[in-house]
1. Taking R0 as 51 Å, what's the FRET efficiency between Ser305 and Ala71 from their Cβ-Cβ distance, rounded to 0.05?
2. In nm, to one decimal, how far is the Ala267 label point from the Lys99 one, both placed 7 Å along Cα→Cβ?
3. Could you list the trypsin sites (Lys or Arg not before Pro) in the range 217-252 that lie in coil according to DSSP, counting only those with at most 11 other Cβ atoms within 10 Å of their Cβ?
4. Could you calculate the contour length gain from Arg238 to His280, that is, 0.36 nm times the residue separation minus the distance between their Cα atoms, to one decimal place in nm?
5. For Leu253 and Asp48, compute 0.36 nm times the residue count separating them, minus their Cα-Cα distance, and round to one decimal in nm.
6. Working from Cα positions, state the angle (0 to 90°, nearest 10) between the long axis of helix 240-263 and the longest principal axis of the chain.
7. Residue farthest toward the positive end of the dipole of the chain, with Cβ of Lys/Arg at +1 and Asp/Glu at -1: which of Leu188, Ala113, Ile168?
8. When the convex hull of the Cα atoms of the chain is projected onto a plane and the area is averaged over all directions, what value comes out in nm²?
Amino acid sequence: MLRKGCSDKMTTNLGNGMADVREVADKVYRFETPIAGMFYTPVVYLIDAPSGVLIEPGPAAAMPSIQKAMAQLGMKDLSYIIPTHIHVDHGGGAGALAKHFPNAKVVAHPRGAKHLASPERLVESTKLVWGQDFEQNLGPIIPIPESQLKAMEDGEAILIGDRQLQIIHALGHSPHHIVILDRRLNGLFCGEALGLPGHQLPPVAPYSFEQDAYMATIDSLSRLDFDALFYSHGSIEREPGRLMSRALENARLYSSIILETARSGNAPDDIMLLVSEDFHRRFGQRLPKGDLEILVAGYMIYFKSKGMLA
Ligand SMILES: [Zn+2]
């Protein structure tokens, strides 16, 4: 897991095999919630404002870790729970958390808010990706009362003490993705809108990814002025410009390699090998097998759903 750029001002050991809680920026705490069966470990950010803010609740199975972390930090309540999007590994536990913290509002893209209020379709699509029995590992997805939902338009902000959190719609990875710009930190909580940290590969989530929207989002966010990225499956990175250009380059490059080689009749294993060799030649690093599988399978599903691949 990436650590570069972390200020690591404070570490609180949660014991019982739990991840450390680290202060990674002014009153912003980060910890990981490893979940069985999840390749990318969910990350939670807690902002210790006058009333607490939680970014990325993760699946409901992460809730005990969140409660322990809050107890360690002396945080008693939450005013806002902000999943960057409603995929189960980011927002699946928002309902369980909202029930536990009835004063909290759950912030979401208007399209995401509808599914959080009535999660039937969300549960169905979660079963498609994570299996019929996803609740066993990830915990349940429960509805959030309308009174606790705060659908936010592009550019709207919430104020917590002297902190302004601006919500920016950032579609592509999913049709309900938002990012959160903290002007005080000059940092962006970017979820999966700008690719996966480490190699900046496109996060091609089955059934929700849209390549054009993803690239348009990176292009428009790269025009904003901020100097740190707070990743949801990684840590904090300080060179947003370089990372965003690489994310764009990777999306262009690997989508076309995968499409062309699939159209020429290559099997997924051969396509993975070709992508792996190209990546190694270009960047001098080997991609982990899990990353390769997710990238190739994700793009194949995407191209088939668009009728670009038989
Ligand atoms: Zn996602």
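1. 0.70
2. Reported label-point gap for Ala267 and Lys99 is 4.6 nm.
3. Answer by residue number: Arg223.
4. 12.7 nm
5. 69.8 nm
6. 40 degrees
7. Of the options given, the answer is Leu188.
8. Computing the convex hull of the Cα atoms and averaging its projections yields 15.1 nm².
Bear in mind these aren't lab numbers, they're just calculated from the coordinates by the rules spelled out. Not measured: the values here are computed from a predicted model. Note that each Cβ is placed from the backbone with ideal geometry, even for glycine, and that neighbours are counted across all protein chains shown.
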